[in-house]
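Engineer: My questions all concern the structure below.
The values are calculated or read from the model by the stated rules, or taken from the named source; none is laboratory data. Worth saying up front: this structure is predicted, and the values here are computed from it rather than measured. When we count neighbours, we look across all protein chains shown, and the Cβ atoms used for this are built from the backbone with ideal geometry, even at glycine. Protein only, heavy atoms only, side chains kept; ligands, DNA and RNA dropped before computing areas. Shrake-Rupley method; radii C 1.70, N 1.55, O 1.52, S 1.80 Å.
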Amino acid sequence: MQAVSRLGTNKTVKDFVQIVNIKTRLYTVCRRYSSGSAYPNVSLSCPLPGIPKPIFASVDGHEKYETRITTLENGLRVASQNKFGQFCTIGILVNSGSRHEAKYPSGVSHFLEKLAFSSTAQYGSKDEILLTLEKHGGICDCQTSRDTTMYAVSAEVKGLDTVVSLLSDVVLQPRLTDDEIEMTRMAVRFELEDLNMRPDPEPLLTEMIHAAAYRGNTVGLPRFTPVENVEKINKAMLHRYLQSYYIPERMVLAGVGVDHEQLVHCASKYLLGVKPVWGAGTPDKVDRSLAQYTGGIIKCEKDMSDVSLGPTPIPELTHIMIGLESCSFLEEDFIPFAVLNMMMGGGGSFSAGGPGKGMFTRLYLNVLNRHHWMYNATSYHHSYEDTGLLCIHASADPRQVREMVEILTREFIQMAATAGEMELERAKTQLKSMLMMNLESRPIIFEDVGRQVLATGKRKLPQELCDLINRVTAADIKRVTTKMLRSKPAVAALGDLSELPTYEHIQAALSSKDGRLPRIYRLFR
């Protein structure tokens, strides 16, 4: 009876008693038949005798779980997605990144990422911000990409007002003291050194392939601060940049796990009519340049023999990345390209696992399983609002670079062949599975909501995306691949490049029917 009294309301007590009665009947039925009595000939699709009809939970209005968007008077968009739980993820996304730095020394966005959640008008130091968040079980983070800057906080729902107030202060009222800027310079220098020393060259190769594909414009501009610019970036320059790009029309306040009306109320309270710390002077003209794909090659001769010393050192490898222009995420062909990327798959030669880990993708079946000397072959798809890049990264012993490049060019040519039905269905199923599993995570839902609303003003729900994936056919894959192969290749090469084919030979291979490099004849080896 203590359990019943703790349940509270009369309705809850009745429900509890009803559950006890059902359990008692089930127990009686089970006892009767387990003691040797014959089971009745009852279909499993019919209700069981003596058991009351079940009452299933129902959703009271599907709209409660869809993304809601409100635009404030100053142009700032507020987007939210309801999600059950005690915690929420809230953040401000800004349409600002390294692609917008043509008029500034490259690295401004990189500096702002490192300076995020430092002292503000309301908080004297980063420690004060962290202590405030700690009261609500919160954590914070800032990430910049080539086209977006994202300030995010995960905390208890009860702390919504505090979190939005803090985000407003961090984004619009940073102090940017001389000490903080000097510490940021040190952090940037360390990160650049680490980037060149780490065993995994993927971040460096990604930087190089973008620079080769979009030479000197938009997404081809450096994402990391070049060494020569570390001393050039100062408070005045940062304020000039913020004045141009940190404006309400280029911002989205996104929240997951919060009530939309409450989020709009907090946004109106803390993000409407707020005067930023950089003042209201005349801002520089916003760079709205469209990405110009150029293709090309960037080589970095480097001794990779001592990258990872120790009891089991990594062997000396040469890394090659070859890419071709795909499409923007706003185009209809984006989904077929995503399926193609999943179909290519790939990974490291020591990856373990079955079909769920992509072991039946083309780069495993055709490359890693057949050429034991290749250490890695992985497909990547980078997509932006006006362009995209599909590329394959591979690594092998420096003496086998030419053969490795030819294997990659042949794989690009074979993409245009008609995909098998089972292969295509597997890639589509894996893409849907990855999409749905990623969207189980609250921070990823937040990023998805924020990025889609920032780019398009609306959000496609997972079910819509799954429907689009289901509609992709082998003809779509062939069509987008044929179009992609017409573009000039972008090539990034890192390591011992003595056996690297010329750019002209790589281009000729990708223009041929079989993807083979032109033959070269040597009198002496």
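Engineer: Quick check: anything in the stretch 409-426 of a type in the set (V, I, T) and open to solvent by less than 40 Å² (accessible area, probe 1.4 Å)?
Structural biologist: Scanning the stretch 409-426 turns up at least one residue that is of a type in the set (V, I, T) and open to solvent by less than 40 Å² (accessible area, probe 1.4 Å).
Engineer: Across the stretch 469-497, which residue is most open to solvent (accessible area, probe 1.4 Å) among those that are assigned to a loop (DSSP other than H, G, I, E, B), in contact (Cβ under 8 Å) with a residue 24 or more places away in the chain and under 17 Å from A508 (Cβ atoms)?
Structural biologist: Once the filter is applied, the top-ranked residue is K488.
Engineer: Ok, one more. Looking only at the stretch 234-251, filter to residues that are among the aliphatic types (A, V, I, L, M) and outside any helix (DSSP H, G or I); which one of those is farthest from L167 (Cα to Cα)?
Structural biologist: Here the answer is I247.
Engineer: Sticking with this one: Given the criterion modelled with pLDDT under 90 and out of contact with any strand residue (DSSP E or B) (no Cβ under 9 Å at 6 or more places or on another chain), identify the matching residue among S106, S34.
Structural biologist: It is S34.
Engineer: Follow-up question, since we're still on this one. I need the full set of residues from the stretch 119-155 which are polar (S, T, N, Q), surrounded by fewer than 21 Cβ atoms within 10 Å (Cβ to Cβ) and under 22 Å from E447 (Cα atoms), in order please.
Structural biologist: Q143, S145
Engineer: So, T387, is that one among the polar types (S, T, N, Q), at pLDDT 95 or above and farther than 20 Å from E202 by Cβ or not?
Structural biologist: Taking the combined requirement at face value, the residue satisfies it.
Engineer: Then there's this: Six or more apart or on different chains, Cβ atoms under 8 Å: show the pairs whose first residue is in the stretch 445-468 and of a type in the set (G, A, S) and whose second is exposed (fewer than 15 other Cβ atoms within 10 Å of the Cβ).
Structural biologist: So the pair list comes out as A455/L330.
Here's the yes/no breakdown for (1) open to solvent by 50 Å² or more (accessible area, probe 1.4 Å); (2) among the aliphatic types (A, V, I, L, M); (3) within 30 Å of C327 (Cα to Cα); (4) more than 23 Å from the chain's Cα centre (by Cα):
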position: D194; (1), (2), (3), (4): yes, no, no, no
position: H210; (1), (2), (3), (4): no, no, yes, no
position: V227; (1), (2), (3), (4): yes, yes, no, yes
position: N234; (1), (2), (3), (4): yes, no, no, yes
position: D259; (1), (2), (3), (4): yes, no, no, yes
position: D284; (1), (2), (3), (4): no, no, yes, yes
position: D287; (1), (2), (3), (4): no, no, yes, yes
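Engineer: Among the residues of the stretch 105-139, how many are part of a loop (DSSP other than H, G, I, E, B), of a type in the set (A, V, I, L, M) and within 27 Å of the chain's Cα centre (by Cα)?
Structural biologist: Number of matching residues: 1.
Engineer: OK, next. Based on what the data block shows, is E411 under 27 Å from the mean Cα position of the chain (by Cα), assigned to a loop (DSSP other than H, G, I, E, B) and of a type outside the set (S, T, Y)?
Structural biologist: No; evaluated as a whole, the condition is false for this residue.
Engineer: Right, here's the next one. Residue check, R459 against (1) basic (K, R); (2) in a helix (DSSP H, G or I); (3) open to solvent by less than 40 Å² (accessible area, probe 1.4 Å), all met but one. Which one?
Structural biologist: Just one mismatch for R459, condition (2).
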